[in-house]
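A quick write-up on the structure given underneath.
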Amino acid sequence: MPYPPPPREPSGPRRRTLLVSAAGAALLVGCSAESGTGSGGGDTPSVTAAARARAGRDSAGLLARYDAVLAVHPGLAERLRPLRAQVAAHVKAFGHATPTKTPTKSPSPAATVPPAEKDAVAELAAAERSLADQRAKDLLEVPGEVARLLASVAASGAAHAYLLTKGEA
């Protein structure tokens, strides 16, 4: 009598695992805008402030990409709105002001957003992945609280990239 084939395990992490991991990291680290250099050795507050400012600008740029995609492809709103809200929270956590709502359709984003929804989502995923990778490198150069914040936001960005490419956000 032949043995039944083993059950097929899905490749890669499960969506629920990624969401729980990202949520857990956010709870452990917290997305707070409070400044604190933590236990960093010889790093100066100006290095910390510069890292926060750069991360805030990067998050604001990513938020602008989400807004541009939503302006050109309003049909993606239900899928992208939760991810956009998290990116807006990241901008705020780094100490930058965020827009309160997604802007209405304007002529300028149309030139930079791909006309196909699938391509626009793929571009967002690539931007999330690239920024998460950059933050993972940057966190090695900053002390304490800012490093933890960068790690948390990098993990969130990696989860966003996964959800945009493999999962259904």
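The values are calculated or read from the model by the stated rules, or taken from the named source; none is laboratory data. As the structure is a prediction and not an experimental result, all values here were calculated from the model. Ideal geometry is used to build each Cβ from the backbone, glycine not excepted, and the neighbour counts take in all protein chains shown. Side chains included, ligands, DNA and RNA excluded: accessible areas come from the protein's heavy atoms. Shrake-Rupley method; radii C 1.70, N 1.55, O 1.52, S 1.80 Å.
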> Does the range 25-37 include one or more residues that are modelled with pLDDT of 55 or more and either open to solvent by 40 Å² or more (accessible area, probe 1.4 Å) or within 20 Å of the chain's Cα centre (by Cα) (or both)?
Replying inline: no
> If you take the residues of the range 107-146 that are within 12 Å of Tyr66 (Cα to Cα), assigned to a helix (DSSP H, G or I) and open to solvent by less than 40 Å² (accessible area, probe 1.4 Å), which of them is modelled with the lowest pLDDT?
Replying inline: Pro109
> Hey, among Pro82, Pro45, which residue is at pLDDT 95 or above and open to solvent by 70 Å² or more (accessible area, probe 1.4 Å)?
Replying inline: Pro82
>> Would you confirm whether or not the range 72-79 contains a residue that is buried (at least 17 other Cβ atoms within 10 Å of the Cβ), of a type outside the set (Lys, Arg), part of a loop (DSSP other than H, G, I, E, B) and at pLDDT 75 or above?
In response: yes
> Considering the range 45-72 alone, what residues qualify as being free of Cβ contacts under 8 Å to residues at least 60 places away in the same chain and β-branched (Val, Ile, Thr)?
Replying inline: Val69, Val72
>> Every residue in the range 85-99 that is touching a Cys at 6+ places or on another chain (Cβ under 7 Å) and open to solvent by 10 Å² or more (accessible area, probe 1.4 Å), please.
In response: Ala89, His90
